[in-house]
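A short write-up of the structure that comes next.
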Amino acid sequence: FATGALAGLQVLVTAGPTREPLDPVRYLSNRSSGKMGYAVARAAREAGARVTLVTGPTALAVPEGVEAVRVETAQEMLEAVMARVGTADVFVAAAAVADYRAASVETHKIKKQAEHLSLALERNPDILATVAALPGGPFTVGFAAETQDLERHARTKLMKKGLDLIAANDVSNGQGFDVDENALTLLWPGGGTTLERQPKERLARQLVTVIAQRMGEANSR
Ligand code: C5P
């Protein structure tokens, strides 16, 4: 792990879950702890970058030297990212963004009534795909949590979203979400490597090293 690997660069990271309100007291969310994203932010800082962390609600302490922007919904996360991505050299989307939000948020608490209740949901924006599509945008890194055909699905996502790198993890056996250790398969157009199961802090440093290498290759072409 080279401490100056990202010296002079700006890194923007998303982390944690998003919360999508249903009414004044309820929301839809997921089990993301934010650990992977926070570890990436810390590792990028240690590699010499200036780091901004756009984070959904988590119980984690912001890593030293990292600027944190706290958001709740996917829409807020998108706005916080778009306001800062112009100066970013690297964008790492580690957040577990809710794919759907309530079609309308009730102004009053939803009352218990019938035996069954249906919620109307609508799609949230894809923050990663939005950033990846920016002309002259940053080096873009996504995560892919898959339960089957890890590599095939991740490679499809890499190409479809137009990413520079994707970090895929197998979540079929309780791995990946809300735990301290993880294993990652890194894929980029034309190549890839695997990072064995280890603490997320160490994994994040290796990921940062690969990001710096891939950016170096892109620049030397
Ligand atoms: O398509 P899928 O949700 O599996 O893609 C996962 C990747 O996309 C992660 O890097 C996640 O942070 C990002 N993402 C996003 N905005 C969304 C959904 C996913 O940035 N609305």
Close pairs from the stretch 73-98: first farther than 26 Å from A212 by Cβ, partner more than 12 Å from the ligand (Cβ to nearest atom) and outside any loop (DSSP other than H, G, I, E, B), Cβ under 7 Å, at least 6 apart: A98/L28
Restricting the search to the stretch 140-162, which residues are crowded, with 21+ Cβ neighbours inside 10 Å, closer than 15 Å to A94 by Cβ and either more than 13 Å from the chain's Cα centre (by Cα) or near the ligand (Cβ under 8 Å from one of its atoms) (or both)? V141, G142, F143, A144, A154
Go through the stretch 63-81 and report how many residues are away from the ligand (no atom under 12 Å from the Cβ) and either in contact with a Pro (Cβ under 6 Å, 6 or more places away or on another chain) or in a loop (DSSP other than H, G, I, E, B) (or both). 6
Among the residues of the stretch 163-200, which ones are surrounded by 17 or more Cβ atoms within 10 Å (Cβ to Cβ) and either of a type in the set (G, A, S) or assigned to a helix (DSSP H, G or I) (or both)? A167, A168, G176, G192, K200
Pick from the stretch 97-113, criterion away from the ligand (no atom under 16 Å from the Cβ) and among the basic types (K, R), ranking: nearest to R26 (Cα to Cα): K109
With the requirement that a residue be more than 17 Å from A95 (Cβ to Cβ) and in contact with a strand residue (DSSP E or B) (Cβ under 8 Å, 6 or more places away or on another chain), what does the stretch 22-58 give you? L22, R45, A49, R50
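One line per residue, one yes/no per condition, for (1) within 17 Å of T209 (Cβ to Cβ); (2) among the hydroxyl-bearing types (S, T, Y); (3) not in a helix (DSSP H, G or I):
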site: G8; (1), (2), (3): yes, no, yes
site: V11; (1), (2), (3): yes, no, yes
site: P21; (1), (2), (3): no, no, yes
site: S32; (1), (2), (3): no, yes, yes
site: A43; (1), (2), (3): yes, no, no
site: T52; (1), (2), (3): no, yes, yes
site: T58; (1), (2), (3): no, yes, yes
site: A61; (1), (2), (3): no, no, yes
Test: residue in the stretch 207-216 that is touching a Lys or Arg at 6+ places or on another chain (Cβ under 7 Å) and of a type outside the set (K, R): no
Residues of the stretch 20-72 being under 15 Å from the mean Cα position of the chain (by Cα) and free of Cβ contacts under 8 Å to residues at least 24 places away in the same chain, which ones? A68, V69, R70
Which members of the stretch 88-128 meet the condition of being in a strand (DSSP E or B), of a type outside the set (F, W, Y) and in contact with a Pro (Cβ under 6 Å, 6 or more places away or on another chain)? V90, A96
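The numbers here are math on the coordinates, done by the rules we state, and not lab data. Worth saying up front: this structure is predicted, and the values here are computed from it rather than measured. All Cβ positions, even for glycine, are placed from backbone atoms using ideal geometry, and neighbour counts span all protein chains on display.
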